[in-house]
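To keep things clear, I will list the structure first and then write my remarks on it.
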Amino acid sequence: MYMGSWRELLFLHLILVNIVSLTVSQPDFLNYTYISESGNYSPDSKYQTNLNTLLSNLSSSTDRYGFYNSSFGENPDKVYAIVLCRGDVELDTCRSCINDSTIKLPQLLPNNKGAIGWYDYCMLHYSNESINGIVATDPRYLMVNGRDALSMDDFKQAVRSLFDNLRSQAALGGARRKFATGNTPGPAFQPVYGLIQCTPDLSETDCKNCLQGATENIPQYFGEKIGGRILTPSCNLRYENYSFITEIPAAAPPAITEIPAAAPPATPGIAYLS
């Protein structure tokens with residue numbers, strides 16, 4: 001009797017450990033929504049087959065820059081997708097996040113041709129229309145830190161100055177990563193930390209305009225709060241009075257090839273956070 005109870009308790013403990021591990025490895029979306037203009041698909045349709053095929057390849061296809069866009073199928077059942085990881089996360093974390101999102105989003109929004117979901121570390125966006133290189137600022141999701149700043153005018157100025165600088169840095173990031181982080185002194189000698197990012201398929205101008213629109217809405221959305229986040233399909237930003245940024249993964253140095261000596265060459269040619 002005693003031995004049986006002990007084994008049952010051990011069995012229950014192992015089940016709980018597995019449940020906790022699953023919960024940790026697969027966090028919830030910050031937010032997710034369908035794209036109403038995209039319409040719906042029928043179960044077991046060609047569109048669903050194309051969607052499942054496309055989603056199954058996104059995680060493994062994403063490189064160390066944390067961005068990948070692709071499409072699969074032929075019209076009218078062609079599916080387009082974009083994945084974007086936060087620029088300061090490692091590749092394995094990025095791919096794990098994408099893998100979770102490609103499993104969960106179709107389950108949460110079945111039969112929707114277009115959908116978008118945001119995790120803390122990644123975004124998944126798919127549609128029946130081309131989304132590559134196209135600025136989309138809706139749908140958007142807002143998160144706000146519920147605490148008030150001590151000196152509002154000084155804090156607003158610090159945030160504005162920080163994002164004015166980061167916006168240009170991100171927009172100039174190139175076709176692989178448009179991402180920038182930094183901090184600036186705030187009121188009472190407390191730094192303000194910021195993160196800003198575009199999908200790198202955008203042009204420099206489109207990225208800058210997307211981020212400009214987001215930063216201009218900070219006073220309206222967040223008022224006197226010390227932190228906030230704006231998430232859109234094409235760009236996102238976050239600021240806080242504490243550091244939430246990890247070190248950006250360093251790129252591997254290029255291989256050096258020794259060239260033997262040769263003859264001279266020819267002349268070349270809203271949610272609240274506590």
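Quick note: the coordinates plus some simple rules give every number you see, no bench work behind them. Just so it is clear, the model here is predicted, and its values are computed rather than measured. Glycine gets a Cβ as well: all are built from the backbone with ideal geometry, and neighbour counts include every protein chain shown.
Could you tell me how many cubic angstrom of Cα convex hull volume the stretch 37-104 has per residue?
Expressed per residue, the convex hull around the Cα atoms of the stretch 37-104 is 92 Å³.
Sort ASP88, ASP28 so that the residue with the fewest other Cβ atoms within 10 Å of its own Cβ comes first and the one with the most comes last.
ASP28, ASP88
Which of GLU204, GLU216 comes first, and how do the rest follow, when ranked by fewest Cβ neighbours within 10 Å?
Going from sparsest to densest Cβ surroundings: GLU216, GLU204.
ASN52 to SER151: FRET efficiency via 1/(1 + (r/R0)^6), r the Cβ-Cβ distance, R0 45 Å, to the nearest 0.05?
Efficiency at R0 = 45 Å is approximately 0.30.
Straight distance only, please: which aspartates and glutamates reach the Cα of LYS156 with their own Cα at less than 16 Å, same-chain residues fewer than 8 apart left out?
Cross-link targets: ASP148, ASP164, GLU216, GLU224, GLU240.
With no solvent and one equal point scatterer per Cα, compute the Debye intensity ratio I(q)/I(0) for the stretch 121-168 at 0.30 Å⁻¹ and report its log10, rounded to two decimals.
-1.16
How do ILE103, ILE226 rank when sorted from fewest to most other Cβ atoms within 10 Å of their own Cβ?
Working: ILE103 14, ILE226 23.
Ranked by crowding around the Cβ, least crowded first: ILE103, ILE226.
Residue separation times 0.36 nm, minus the C-alpha to C-alpha distance between GLN169 and LEU30: what's the value?
Between GLN169 and LEU30, full extension yields 47.4 nm more.
Using only alpha carbons, build the gyration tensor for the stretch 82-232 and give me the equivalent ellipsoid semi-axes, biggest first, whole Å.
Semi-axis lengths for the stretch 82-232 are 29, 17, 15 Å.
Taking a cut-off of 28 Å between Cα atoms, list the lysines near LYS104, but don't count ones fewer than 8 places away on the same chain.
Cα-Cα hits under 28 Å: LYS46, LYS78, LYS113, LYS178.
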